[in-house]
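Data block below; observations after.
The values are calculated or read from the model by the stated rules, or taken from the named source; none is laboratory data. Everything numeric here is computed off the predicted structure, so don't read it as measured data. So basically every Cβ, Gly included, is an ideal-geometry build from the backbone, and we count neighbours across all protein chains shown.
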Amino acid sequence: MNVLTFIHAFFSDGSHWHGYDGIPTRLTEHLHYSLQALAIAAVIGLPIGLITGHYGRGGNAIALVATGSRALPTFGLLVLMVMWLGFGLGPVMIPLVVLAVPPILVTTYEAVRSVDPSPVDAARGMGMPESRILLQVELPGALPLILGGLRSAAIQIVSTATIAAYVGLGGIGRYIIDGLYQRNYEKVVGGATLVAVLALVTLGVFWAVARVAVSPGVRRSG
Amino acid sequence: MIRIDSVTKRYPDGTVAVDRLSLEIPDRSITVLVGPSGCGKTTTLRMINRMVEPSEGTITLDGVDISRQPVNSLRRSMGYVIQNAGLFQHRTIVDNIATVPRLLGQSKARSRARARELMERVGLDVSLAKRYPYQLSGGQQQRVGVARALAADPPVLLMDEPFSAVDPIVRKGLQEELLRIQEELGKTIVFVTHDIDEAIRLGTMVAVLRTGGRLAQFAPPAELLSSPADAFVEDFLGADRGIRRLSFFPAQALELKKTPIVAVDSTAEQIAARTTPETPYLLVTGLDGRPLGWSEPEDLVAGDIDVARLLPYGRPFAYGTDSLRAALDGAVLSPTGWAVAVDDAGRAVGVVSQQAVGEAIRAAHAKGLTAAKVAG
Amino acid sequence: MNDFLHIPSDLQNTYSGLIVLHLREALIPVLAGLVVSLPLAQLCVRFRWLYPPVLWSTTVLYAIPSLAFFVVLIDYTGMSETTVMIPLSVYSLVVLVPAIVDAVRSVPQETLDAATAMGFGPVRRYLQVQLPIAVPTIIAGLRVATASSISLVSVGMLIGNQGALGNLLHDANIYNRPVYAVNSVVTTAVLAILVDAALVLTRVLLTPWMPRGTGRAGRKTSGDRADAAVPALEESAR
């Protein structure tokens, strides 16, 4: 398997482990882009999804926004943004956020809607204010699905943040783009492996967050 | 007192769920709203805590129009129990019960102490406090629902088909528990059900609603059974309302015969002494006084009574607490046509024939005797 | 407008030619993914132990950036359309397998028992009962897969102009004409929306038993079940 040979060669090469083009630097850059994009997408998607889900309105608008955002080609959007806004982190964030908002928004909306209506009815009947119903009854029940939406957004971002390298930024994409131009497949495969590992780590992190944040009452009954 | 004054609920699509309904719900008693599906009983209940706002008419609580009260404080002053309990699955049992006290700003420790107290009150083991709802049976969850509704000690309890989703045996236990709790606490309870038997069992007053949200009859259960207002109510009560009405007459009205009872170790003289012309059978009891079965006197050989050959005695009724309905049931179930009356300990205290039960029913009807509720 | 539709001559193609090419490069992989995922999903339903490892490996595959995938394949299939289409097929597969597994599994056991009791054999039962009931969820999966596929074709531009409409992005850069990029992005997005609409229409036609119209009713009665299924897909697939 020459892919395995490439992987071995890439990771055993000492020069890949330090300096501005070293794995630690590129990994940090990649994490930085990814976390920033995820945070922006979450700040947009979570509140809108929670509120529309709570009131059960705007489902069609959300489906429309999601379809529209999914239709926008990420790579094309990146090139366009760079041409319009110039080089920098901003033009990279826009396509990543457009990519990540639909899964967060749609899953959050559907997660809140799919919460068992009877505890919500009971809470309202007990005189709980709407904000508390949303945050203390619906959110805990919807949390596993919401985390799932965030997780799929995070994995897509981690994978796609490689495009930052195309517009001169760093991140793991650097290895892939440089490898392509230098016809250095070792770098490409090494970069791809790093992204895959990062994706697995992301899965692990979300699993751990779910263990801590989701009430055992929800986890076992759901 | 909750007063519902010509209230109508009309939905935007034109359906009328409740139509000019007026009811006066007495304090410290159970008022049951009963009717077929689509009769607006749940809508009526939900208008009392403003989960649904009436289109016309007013509802007053102790003379104050509820629509003028802040909605959340109104709801916090009324316990609310729904069909599937509606427990918060992410919270432990004790925290579920403590919800309203916490909403009212009480400390966590105090709310939890109160919650534990209520668990005992509704018959839940306190060891369940730290469990999550999914670890409880349906009946236990429903008890938690009732405890949660009682947590802030509200004067009013609204119950929307609370026992419909559990099996009949559990339901009977929950109903008995509710009557017991009510005896202790004396809440004003509004109870919605589609089950007329449940309504008759629990209600101090029963409001029968018909499809389209109109009141068909509002009366105490015994009156409902004896004089249904119209064909709809009669039909809704079912075919055997005459029999069911007997639940309101205590079995104590019966005159028991104590002679034809012999213990299993009786001598020939004792058997002869207890044989009378008007009782063709003798009831054989064990040494503890509990009934064993019937026999014809000539089949009994003193000192050698074969228990296995005795005729079954059907279902005995408790003389002190059961109703004429149970006595009649016992007489019908017994192959000899005689019912066995027992005391609290299950010892036979007398026997009574179908004819005697029939006479007692006639007498009770004649007197119009409607004693307070009798169990069973 | 003419300027907008102008295609630089180095691409050696017309506007409509690029559209056809783009659709071909995007849709053949989805079709291939569907063809492979149907039996694979059925295997996962049949042998339950197979599903978790399949789900894990597909998640890892899905995380591999398309560009890296393309580059690795150049060694085998050269700078060709095939090189673009193989990774896209894999991504489609990754989205579709969990969708189909979940859909087929969600057919109520009573329905299956009823079918068996009426004398359906396993194959007939699959084709005439399970698959039709799974159609809405499968189409929801196809919607996610096609949208992603149409978007990703553009990345093929980086491996020797195999990105169809994406190639305009390259020209936008070298000629410094943003209008080419706008054309690429807008046309790709419109294509994605049209294909999406076609899939929704297909679902409506294939599932006449489902409530029409949009879900304006209350909770859990949402008419557009397929949309409701999408987050579940995104949840499990990615």
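Residue count for the range B:145-156 under the criterion of being in contact with a helix residue (DSSP H, G or I) (Cβ under 7 Å, 6 or more places away or on another chain) and either within 11 Å of another protein chain (Cβ to nearest Cβ) or over 23 Å from B:Asp125 (Cβ atoms) (or both): the result is 3.
Find the residue count for the range C:100-110, including only residues that are of a type in the set (A, V, I, L, M) and part of a loop (DSSP other than H, G, I, E, B). Final tally of qualifying residues: 1. Filtering the range B:144-198 to residues that are touching a Leu at 6+ places or on another chain (Cβ under 8 Å) and among the small types (Gly, Ala, Ser) leaves B:Gly145, B:Ala147, B:Ala149, B:Ala151, B:Ala152.
Considering the range A:181-205, the residues that are more than 9 Å from chain C (Cβ to nearest Cβ) and crowded, with 18+ Cβ neighbours inside 10 Å include one that is farthest from the chain's Cα centre (by Cα), namely A:Glu186.
Quickly run through the range C:1-45 and pick out the residues that are assigned to a loop (DSSP other than H, G, I, E, B) and of a type in the set (S, T, N, Q).
Of everything in the range C:1-45, those that are assigned to a loop (DSSP other than H, G, I, E, B) and of a type in the set (S, T, N, Q) turn out to be C:Gln12, C:Asn13, C:Thr14.
Number of residues in the range B:275-311 that are more than 40 Å from the chain's Cα centre (by Cα) and either in a strand (DSSP E or B) or of a type in the set (Asp, Glu) (or both): the value is 4. Among the conditions (1) over 23 Å from A:Val158 (Cβ atoms); (2) touching a Phe, Trp or Tyr at 6+ places or on another chain (Cβ under 9 Å), A:Trp84 misses just one, which is (2). In the set C:Ser57, C:Ser89, only one residue is at pLDDT 85 or above, assigned to a helix (DSSP H, G or I) and not β-branched (Val, Ile, Thr); that residue is C:Ser89. Please work out if A:Tyr55 is more than 14 Å from the chain's Cα centre (by Cα), more than 9 Å from chain C (Cβ to nearest Cβ) and either polar (S, T, N, Q) or more than 18 Å from A:Ala161 (Cα to Cα) (or both). So A:Tyr55 fits the description; yes. Look at the range C:173-198 and say how many of its residues are buried (at least 21 other Cβ atoms within 10 Å of the Cβ) and farther than 17 Å from A:Val65 by Cα. Final tally of qualifying residues: 5. Counting only helices (runs of 4 or more DSSP H) that sit completely within the range C:119-194, those holding 1 or more residues that are under 24 Å from the mean Cα position of the chain (by Cα) correspond to C:131-153, C:167-174. What do you reckon, is C:Asp113 in a helix (DSSP H, G or I), of a type in the set (Asp, Glu) and over 18 Å from the mean Cα position of the chain (by Cα)? Judged against the criteria, C:Asp113 is a match. Examine the range B:7-20 for a residue that is under 26 Å from the mean Cα position of the chain (by Cα) and more than 30 Å from A:Ser215 (Cα to Cα), and state whether such a residue exists. The answer is no, given that none of the residues of the range B:7-20 is under 26 Å from the mean Cα position of the chain (by Cα) and more than 30 Å from A:Ser215 (Cα to Cα).
Might you let me know whether the range A:8-22 holds any residue that is out of contact with any Pro (no Cβ under 9 Å at 6 or more places or on another chain) and buried (at least 21 other Cβ atoms within 10 Å of the Cβ)?
Within the range A:8-22, one or more residues are out of contact with any Pro (no Cβ under 9 Å at 6 or more places or on another chain) and buried (at least 21 other Cβ atoms within 10 Å of the Cβ).
Just one residue in the set B:Val52, B:Val64, B:Val100, B:Val94 is touching a helix residue (DSSP H, G or I) at 6+ places or on another chain (Cβ under 7 Å) and surrounded by fewer than 19 Cβ atoms within 10 Å (Cβ to Cβ); that residue is B:Val52.
Of B:Ala222, B:Ala199, all but one fail to be crowded, with 16+ Cβ neighbours inside 10 Å and over 12 Å from the mean Cα position of the chain (by Cα); the exception is B:Ala222.
Note on the range A:67-77: among residues that are hydrophobic (A, V, I, L, M, F, W, C) and within 17 Å of the chain's Cα centre (by Cα), the one that is surrounded by the most Cβ atoms within 10 Å (Cβ to Cβ) is A:Phe75. When the residues of the range A:83-97 are filtered to those that are surrounded by fewer than 22 Cβ atoms within 10 Å (Cβ to Cβ) and in a helix (DSSP H, G or I), the one that is farthest from the other protein chains (Cβ to nearest Cβ) is A:Leu89.
Selection of the range C:45-61 for residues being buried (at least 21 other Cβ atoms within 10 Å of the Cβ) and facing chain A (nearest Cβ under 7 Å) yields only C:Thr59.
Of the residues making up the range A:158-178, those that are surrounded by fewer than 24 Cβ atoms within 10 Å (Cβ to Cβ) and assigned to a helix (DSSP H, G or I) are A:Tyr166, A:Val167, A:Arg174, A:Asp178.
Name the residues in the range A:108-135 that are in contact (Cβ under 8 Å) with a residue 12 or more places away in the chain and within 10 Å of chain B (Cβ to nearest Cβ), would you?
A:Val115, A:Asp116, A:Pro119, A:Val120, A:Ala123, A:Glu130
A residue that is more than 8 Å from chain A (Cβ to nearest Cβ), crowded, with 19+ Cβ neighbours inside 10 Å and either out of contact with any Phe, Trp or Tyr (no Cβ under 6 Å at 6 or more places or on another chain) or at pLDDT below 95 (or both) occurs somewhere in the range B:123-134.
Please work out which residue is nearest to the other protein chains (Cβ to nearest Cβ), limiting yourself to the range B:68-87 and to residues that are of a type in the set (Ser, Thr, Tyr) and either in a loop (DSSP other than H, G, I, E, B) or surrounded by 24 or more Cβ atoms within 10 Å (Cβ to Cβ) (or both). Per the stated criteria, the residue is B:Tyr80.
Scanning the range B:289-318 for residues that are at pLDDT 90 or above, buried (at least 22 other Cβ atoms within 10 Å of the Cβ) and closer than 27 Å to B:Arg244 by Cβ yields B:Pro291, B:Pro316, B:Phe317.
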